[in-house]
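Only one structure is covered here, and it is reproduced in the block below.
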Amino acid sequence: MTVIEGLGRPVRAKEKAPRPTPRPDRSFYSSGKAFGRFGIRAFPPQIMPQPHSHGHIEFNWLTRGTMDYVFDGGPLTVGANRLVAFWAGIPHQTVGLRDVDDARQLNISLPMDAFLEMPQLGRLTETLMGGGVIQLAPECIGLETLERWYGDYRSGNALRTDLVRAEIGTMFRRAAITGWDTLLPAWVEKTSARSRTASPVRYVVRMVRHIVENISDPLSVEAIADVVGLHPNYATNLFTKVMHISVQKFVTRMRLIRARSLLFDSNLAIANIAFQSGFSSQTQFYEHFRKAYGMTPSQMRENKIA
């Protein structure tokens with residue numbers, strides 16, 4: 001009998017947990033830093049050799065000790081036994097560790113587009129997308145739940161992983177209602193000198209929110225730029241610089257995410273799903289869907305793989 005190291009304590013198992021099964025959206029998330037695949041890791045805390053960024057909302061849980069971060073060039077210290085969340089598209093780096101002997105770190109990577117699809121989060125969405133770092137209250141999440149999520153993900157069962165993603169959405173909805181602790185305020189909330197250099201992010205956050213809230217409608221670059229009162233060329237260049245993806249590609253990906261959700265959460269005909277996801281024709285919908293997921297919408301619905 002082998003021992004698999006969990007988060008807070010060893011978990012005994014008859015054999016090593018299998019690697020999670022590759023999913024059909026692998027290629028969908030492989031291109032561009034704005035998007036990334038869902039994942040959960042547990043490991044000893046470690047110093048990062050350099051800052052990095054990636055397309056997720058990132059969660060970190062430390063079982064003991066503290067971690068010192070450099071987050072967008074500024075210092076931030078994170079303690080133990082509270083779940084910390086931030087948009088990983090902003091450069092971040094672990095630069096110091098204290099009292100972490102025998103500690104474990106849990107890291108959850110939630111695709112940013114999946115986060116944007118979560119309803120009823122209100123200011124929470126703007127806070128994270130605006131560069132804030134938050135700490136969730138114990139009533140929202142604890143170590144026991146995180147250990148179960150880790151086990152579900154490591155099982156390699158896609159349906160169990162989907163349950164984890166759904167429960168993360170519920171956790172965020174609870175946090176949106178009950179509140180959270182702010183470790184680093186969002187750019188959109190700051191009045192310091194830094195906010196003057198970071199203010200363009202506010203425009204991008206507003207454009208992202210407009211796209212997500214109106215994804216089923218026609219969305220021209222001109223209309224999106226008009227929401228923030230910027231020239232279309234400047235707005236699209238700004239969006240690409242901050243999001244690491246063009247406005248057009250971002251809109252298409254968000255429409256595909258909406259379509260994928262509707263395939264499993266409704267009994268709508270595929271033609272109606274294409275329309276409600278904002279695609280102008282079924283031909284366009286099928287072309288983008290097959291390219292993103294390697295299968296047709298009908299095949300994905302039949303296979304029950306999201």
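The values are calculated or read from the model by the stated rules, or taken from the named source; none is laboratory data. Note that this is a predicted model, so its numbers are computed, not measured. Here the Cβ positions follow ideal geometry from the backbone for every residue, glycine too, while neighbour counts run over all protein chains shown.
Which ranges mark the strands (runs of 3 or more DSSP E) fully within the range 49-89 that have 2 or more residues being outside the structural domain of H244 (by TED's automatic domain parsing) and within 16 Å of the chain's Cα centre (by Cα)?
Working: elements: 56-62, 66-71, 74-78, 84-87.
Where strands (runs of 3 or more DSSP E) fall fully within the range 49-89 and carry at least 2 residues being outside the structural domain of H244 (by TED's automatic domain parsing) and within 16 Å of the chain's Cα centre (by Cα), they are 56-62, 84-87.
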Fill in the blank from the handout: Residue hits (the range 101-125; modelled with pLDDT under 95 and aliphatic (A, V, I, L, M)) are L110, M112, A114, L116, M118, L121, L124
Practice task
Mind listing whichever residues of the range 132-153 are modelled with pLDDT of 95 or more and charged (D, E, K, R)?
Solution key: E144, E147, R148, D152
Practice task
Output the qualifying pairs, or none if there are none: Cβ atoms under 9 angstrom, residues six or more apart or on different chains, first residue in the range 154-175 and more than 20 Å from M112 (Cβ to Cβ) and among the hydroxyl-bearing types (S, T, Y), second residue surrounded by 18 or more Cβ atoms within 10 Å (Cβ to Cβ) and at pLDDT below 95.
Solution key: S155/P20; S155/T161
Practice task
Would you check if there is a residue in the range 209-217 being more than 22 Å from M112 (Cα to Cα) and of a type in the set (S, T, Y)?
Solution key: no
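Would it be correct to say that E117 is farther than 30 Å from R290 by Cα, surrounded by fewer than 20 Cβ atoms within 10 Å (Cβ to Cβ), in contact (Cβ under 8 Å) with a residue 60 or more places away in the chain and out of contact with any strand residue (DSSP E or B) (no Cβ under 6 Å at 6 or more places or on another chain)?
Against the criterion (farther than 30 Å from R290 by Cα, surrounded by fewer than 20 Cβ atoms within 10 Å (Cβ to Cβ), in contact (Cβ under 8 Å) with a residue 60 or more places away in the chain and out of contact with any strand residue (DSSP E or B) (no Cβ under 6 Å at 6 or more places or on another chain)), E117 does not qualify.
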